[in-house]
Structure formats: structure tokens, C-alpha cells
Amino acid sequence: MSSARRRRRRRGPLKLNGMGERLHIKGHILTGPDEVLGQMWVDDGRITFTKPAGGDFRTLEGWVLPGFVDAHCHIGLDHRGLVPDEVAEEQALTDRNAGTLLARDAGVVNDTRWVQHREHLPRLIRAGRHIARSRRYFRNFAVEVEPDELVAAVREQARAGDGWVKLVGDWIERTEGDLTPSFPAEAVKRAVAAAHEEGARVTAHCFSEQSLDDMLDADIDCIEHATGMRHRHIDRFVEQDLPIVPTLINIDTFDDIAGSAEAKYPTYAAHMRDMHRRRHDTIAKAYEAGVRIFAGTDAGSSIAHGRIADELAELTRASLPAAAALDAATWSARRWLGAEAISEGASADVVICSGDPRADIRHAGSLKHVVLRGNVVR
Ligand SMILES: [Zn+2]
């Protein structure tokens with residue numbers, strides 16, 4: 001079998017289709033940020049805009065959006081690391097009930113492809129394990145390697161995941177007492193090229209300014225956090241069409257991280273506080289310049305699951321209009337990940353709000369219904 005066929009087969013479970021209820025959904029069907037239809041039906045788990053023949057339909061009404069995408073989510077982790085599968089399932093249900101119907105995993109410890117075979121759980125795009133420099137990440141989370149082992153580790157995780165590889169791009173270097181890039185720039189370049197050869201995209205955890213230069217040079221596919229984004233980076237992000245997943249509700253914890261590091265690592269603490277202070281401004285400038293932004297919560301780190309609406313609200317605090325914040329978790333996010341949104345024949349994975357979330361983002365946090373694979377799960 002060719003490697004391309006193997007990759008397609010691995011991505012197969014994302015197309016899982018359940019039977020679901022017969023639904024008539026009416027009100028405001030948002031097929032795009034500015035495109036509104038009056039009604040749709042769900043039959044056999046799929047969306048249709050033509051009324052299917054016969055039978056009873058359950059009617060739901062409201063402002064209908066594609067199910068949210070949490071583009072940075074760790075189903076299977078909590079702040080201490082690996083959790084048992086029963087806990088991971090609870091996490092996935094918590095995310096689902098908050099409207100996250102597609103999660104892009106950003107690194108877990110064990111194999112979570114079982115999630116993809118349970119119809120009642122959100123869809124999941126896995127990334128395998130995080131890849132970090134030795135002793136430069138939380139203990140027991142990542143595959144830890146030295147620069148000369150990086151390419152082999154990337155190839156292995158690319159083959160284990162669903163088309164994404166997660167690097168830890170920077171972390172505190174204790175002898176320097178500050179954030180520094182995890183790997184030399186040349187090693188990152190070789191690693192990204194190897195992932196691309198495997199047909200996978202690469203994303204990296206990057207807090208600091210310096211790591212972003214190396215990731216841009218390596219032609220990486222996505223950046224997580226991006227708190228170190230400065231003027232010199234922004235045009236390059238736009239030119240390279242490189243998206244960011246800011247995880248602002250996680251960045252909000254930087255002051256606490258700084259507080260506990262203060263005594264031993266004052267330079268690092270000051271650096272973290274500075275990036276925390278600038279966080280909304282950093283994202284505002286990126287948005288104004290046209291950098292693509294996607295919503296991610298970092299659930300499974302110090303952040304609890306089920307907080308996608310909090311992240312959307314944070315994006316609006318960073319000056320994104322509510323429709324743009326929603327887009328970061330719906331239409332554009334789904335297009336970016338190759339997932340269906342609201343269209344004829346698409347899987348009925350939608351959330352229903354009681355008011356227009358484009359007018360008030362808080363409606364995204366108090367959903368009336370959640371429909372997954374045609375089943376009303378909330
Ligand atoms: Zn994370």
C-alpha cells in the first residue's frame with residue numbers, strides 16, 4: 001500500500017456517520033458569518049435543505065452554527081499528565097456539551113484513537129505525543145529527545161497521528177533562567193521537512209519571540225500560543241499564511257506561573273509577565289494584519305475541559321468582532337482542518353444558540369442544543 005493510501009485510511013474514522021433523529025431545524029441557519037438560511041432538516045444523521053419525505057420531525061429553533069472546533073485540546077490529559085480512559089471520556093463529554101464537536105488534539109501521552117470509534121464523543125484529529133527537548137517540558141508528558149534524534153521522533157509521531165505533529169518549541173532553560181528555543185534552528189528545519197515528507201503538518205508550542213523566528217524559517221504549519229509575536233514576525237505570518245491558536249484562557253495563567261518562578265528565575269518571571277500584559281494587544285495586531293486565528297482552549301493542561309466559549313469571549317476582548325471570534329471556531333476552522341460545516345449532505349454536527357452570538361458572544365456560552373451526528377445530545 002502506498003504511504004498516501006495508508007494516510008487516507010488512517011484519516012477514515014473522521015467520516016463516521018450515525019443514524020440520528022429526524023429533525024427540522026429552523027430560525028437562523030448560519031452557513032457562514034454573513035450567510036443565513038431559514039431552515040434545514042436532518043435525516044439519517046445528515047443535513048439537507050430539502051424536506052425529506054414522510055415521517056415526524058422533532059423541531060428545534062434558534063441561531064444555528066457548525067459545531068465548535070477546539071483547535072488545541074488534550075483529551076486524555078489533566079495538569080498532572082495521563083488520565084484513565086474513563087476520565088478522558090468524561091473530558092470529551094464535557095467538551096461536547098459545551099459545543100466542541102471537533103477537537104484537534106495538541107499532544108497526549110497514550111493512543112486515544114478509541115475516541116474516534118464512539119459515536120457519542122466529539123470528532124478528534126490526533127497529533128500523537130508532544131515532542132520536547134530532554135528535561136525541557138512537564139515531566140511525563142512528552143517524548144523527550146536531543147536535536148540529533150528529532151527527525152526520527154517526528155517521523156514516528158507523524159505516523160501515529162492523524163496528520164499533525166506537536167513540537168514543544170521553547171521552554172525555560174534553567175541555566176539561562178529564561179525561555180529559549182528547544183532545538184537549534186537547523187534541527188527544526190529538518191524536522192518540519194521530515195513531517196511534510198510523511199504527509200503531516202507540524203505545530204509548535206511557542207511562548208517566546210525567538211522561537212517564532214526559527215519556526216517561520218522552517219516553514220511550520222501552525223503556532224500555538226504565539227505570545228512572543230512582535231512587529232518583525234507579523235508580516236511573515238501573513239506572507240506564509242501561517243495561522244496561530246492563541247489559547248488566551250491559558251495565557252491568562254502566565255501571572256501565576258511567573259509568581260511561582262519569581263524567586264528562582266526572576267528574568268523568566270518578568271518575561272512571562274510582560275507577554276501576559278501584552279496578550280490582547282499581540283492578538284489584536286495579528287488580527288488587524290490578517291494573520292489567521294483559530295480558537296483553542298488548551299484544555300487538559302492547567303485548563304479545564306468545556307471552556308471553548310470562554311476562549312471565544314477572550315478573543316473578543318483582544319478586539320476580534322464576535323463574528324470573527326466565532327469564525328475562529330466554526331466555518332474557517334473547519335475548512336482549515338478539512339472538516340464539513342453546514343452544507344447539503346454534511347454530518348449534522350451543529351450547536352443552537354437562543355440568541356445571535358454575532359451580536360453577543362455570550363450566547364455561545366449558553367447553548368440551547370448540541371447536535372452531534374444527527375443526535376440531540378444536549
Ligand atoms: Zn497544550
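The values are calculated or read from the model by the stated rules, or taken from the named source; none is laboratory data. Given the structure is predicted, the values throughout are model-derived calculations rather than measurements. As a convention, Cβ positions derive from the backbone with ideal geometry for all residues, glycine included, and neighbour counts pool all protein chains shown.
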*asked:* Taking the condition of being of a type in the set (A, V, I, L, M) and closer than 11 Å to Leu65 by Cβ, how many residues in the stretch 334-357 meet it?
replied: 5
*What number of residues in the stretch 118-136 are free of Cβ contacts under 8 Å to residues at least 12 places away in the same chain and surrounded by 24 or more Cβ atoms within 10 Å (Cβ to Cβ)?*
0
*Which is outside any strand (DSSP E or B), within 16 Å of the ligand (Cβ to nearest atom), of a type in the set (A, V, I, L, M, F, W, C) and crowded, with 17+ Cβ neighbours inside 10 Å, of Val151, Val165, Val109, Val115?*
Val109
*Among what's in the stretch 180-207 and is within 16 Å of the ligand (Cβ to nearest atom) and among the hydrophobic types (A, V, I, L, M, F, W, C), pick the residue that is surrounded by the most Cβ atoms within 10 Å (Cβ to Cβ).*
Ala204
*Residues that are part of a loop (DSSP other than H, G, I, E, B), in contact with a Leu (Cβ under 8 Å, 6 or more places away or on another chain), at negative phi and within 16 Å of the ligand (Cβ to nearest atom), drawn from the stretch 118-147*: His130, Phe141
*How many residues are more than 22 Å from the chain's Cα centre (by Cα) and crowded, with 16+ Cβ neighbours inside 10 Å when one looks only at the stretch 237-273?*
9
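Yes or no, residue by residue, for (1) of a type in the set (Asp, Glu); (2) closer than 26 Å to Arg104 by Cβ; (3) modelled with pLDDT of 95 or more:
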{"position": "Gln240", "(1), (2), (3)": "no, yes, yes"}
{"position": "Ile249", "(1), (2), (3)": "no, yes, yes"}
{"position": "Asp256", "(1), (2), (3)": "yes, yes, yes"}
{"position": "His271", "(1), (2), (3)": "no, no, yes"}
{"position": "Glu288", "(1), (2), (3)": "yes, yes, yes"}
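Going by the structure shown, is Leu242 within 16 Å of the ligand (Cβ to nearest atom) and in contact (Cβ under 8 Å) with a residue 24 or more places away in the chain?
No.
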_For the stretch 347-378, give me each residue that is surrounded by fewer than 19 Cβ atoms within 10 Å (Cβ to Cβ) and out of contact with any His (no Cβ under 9 Å at 6 or more places or on another chain)._
Ala359, Asp360, Arg362, Gly365, Ser366, Lys368
*Filter the stretch 255-286 for residues that are of a type outside the set (Gly, Ala, Ser) and within 21 Å of Asp70 (Cα to Cα); which is farthest from the ligand (Cβ to nearest atom)?*
His280
*Considering each residue of the stretch 58-94, count those that are surrounded by fewer than 19 Cβ atoms within 10 Å (Cβ to Cβ) and at positive phi, and give that number.*
1
*Just for the stretch 287-299: of the residues that are surrounded by fewer than 23 Cβ atoms within 10 Å (Cβ to Cβ) and not in a loop (DSSP other than H, G, I, E, B), which one is nearest to the ligand (Cβ to nearest atom)?*
Tyr287
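If I ask for residues that are acidic (Asp, Glu) and buried (at least 17 other Cβ atoms within 10 Å of the Cβ), which ones from the stretch 274-286 would you list?
Keep residues of the stretch 274-286 that are acidic (Asp, Glu), which gives 274, 281.
Scanning the stretch 274-286 gives no hits.
Residues being in a loop (DSSP other than H, G, I, E, B), away from the ligand (no atom under 16 Å from the Cβ) and under 15 Å from the mean Cα position of the chain (by Cα): count how many of those fall in the stretch 61-86.
As a first pass, look at the stretch 61-86 and keep what is in a loop (DSSP other than H, G, I, E, B): 67, 74-76, 79-80, 83-84.
Checking which are away from the ligand (no atom under 16 Å from the Cβ) leaves us with 67, 84.
Cutting the leftovers down to under 15 Å from the mean Cα position of the chain (by Cα) gives us 67.
Total meeting the criteria: 1.
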